[in-house]
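Contents: one structure, followed by commentary.
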Amino acid sequence: MSRFRNFLRFVFGSEQGHNILLYLFFVVISFIFWMLMTLNNEVEKDYRVIVNVNDLPDSVTFVNDYPSVIRVKVKDIESAFLQYMFGSQPSLDLKWKNYIDGEGNFAVSQADMRSQVLNVFGAGVNIVSITPDSFACRYTTSPGKKVPVVIDATVEPNLQYVQSGAPSSDVDSVRVYSDKETLEKISSVYTYHFELKDITDTIYREVKIAPIAGVKTVPGSVTVMVPVEQLITKTAVIPIVSRGVPYGMNIVTFPSRVKVSYLVPLSQ
């Protein structure tokens, strides 16, 4: 407490302290004037604007997704963007019912997009560019259809290894969404083709589902497992057996047994 009193006595009771206060006062005044001048300068800024669709029914699934973010370049005085200077990110809210046509289309025109961006930044702002400046996507209220996943792969193990089973995925089926006519034609989906060469161990790889025009697949990728194991050398002594010997005859072989060497998967 005594140190604080001594500090106040130094600041307000000495000429040196008075000079320091006066200096700080002018620094603050200069900063305020600088801020006022800066905030009145016209600037051009780029923003990543988050796109939200409000009041989206639970039964709706987008066949092709709308852009979650658009890039906007705007021009105005600095003070017009004051709310976004401290980490806040602008967002654009679209009402679901305002942009559907009742035939499975959700679309925002160029004029609508510009109007919505002006609502975000203010009517006085000058919009330089919007990317994308419009979009259209399909949606469905169908519950979808469950179909099996077919893995399209070429596997070539190393010389001393063998593929010990068919490739499998973490899910054996996925759900596809589209219109009724399209869904009736789909009985399975395929992964993208991939190749594995000279592999020496079991491989796990995330592979995307090959797209089908006008169809959304959930999930869009699967984890594929290709089982590979080492081959080991085994030997066995086996008897020699004759086949097709006529009735009443007997064949004796020398030797009667032979030694055989062969490769077998380690698990066997």
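For the modelled label position 7 Å from the Cα of residue 59 along Cα-to-Cβ, which residues of the range 150-185 have backbone nitrogen atoms closer than 18 Å?
Those under the cut-off are 177-181.
Given 73/208; 97/208; 145/208, which pairs have Cα atoms separated by over 26 Å?
73/208; 97/208
For the range 174-240, state which chymotrypsin sites (Phe, Trp or Tyr not before Pro) are in a DSSP loop and have at most 13 other beta carbons lying within 10 Å of their beta carbon.
Loop-located and lightly packed - 192.
Between residue 192 and residue 259, how many nm apart are label points set 7 Å from Cα along the C-beta direction?
Taking the simple label geometry, residue 192 and residue 259 are separated by 5.2 nm.
So, R0 is 41 Å and r is the distance between the beta-carbons of residue 266 and residue 213; what FRET efficiency does that work out to, to 0.05? Write down the numbers at each step before the final one.
Numbers: r = 45 Å, r/R0 = 1.10.
Computed FRET efficiency for residue 266 and residue 213: 0.35.
When Lys and Arg each count +1 and Asp and Glu each count -1, what net charge do the other residues less than 9 Å away from residue 154, Cβ to Cβ, add up to?
Values: positive: 197; negative: 152, 156, 195.
Result for the neighbourhood of residue 154: -2.
Using +1 on the beta carbon of Lys and Arg, -1 on that of Asp and Glu, and nothing else charged, what's the dipole of the range 168-241 about the Cα centre, debye to 20? Could the numbers behind the result be given before it?
Details: 8 positive and 10 negative charges, 17 e Å.
Computed about the Cα centre, the dipole is about 80 debye.
Bear in mind these aren't lab numbers, they're just calculated from the coordinates by the rules spelled out. None of these values were measured; they are calculated from a predicted model. Every residue, glycine among them, receives a Cβ derived from its backbone with ideal geometry; neighbour counts consider all protein chains shown.
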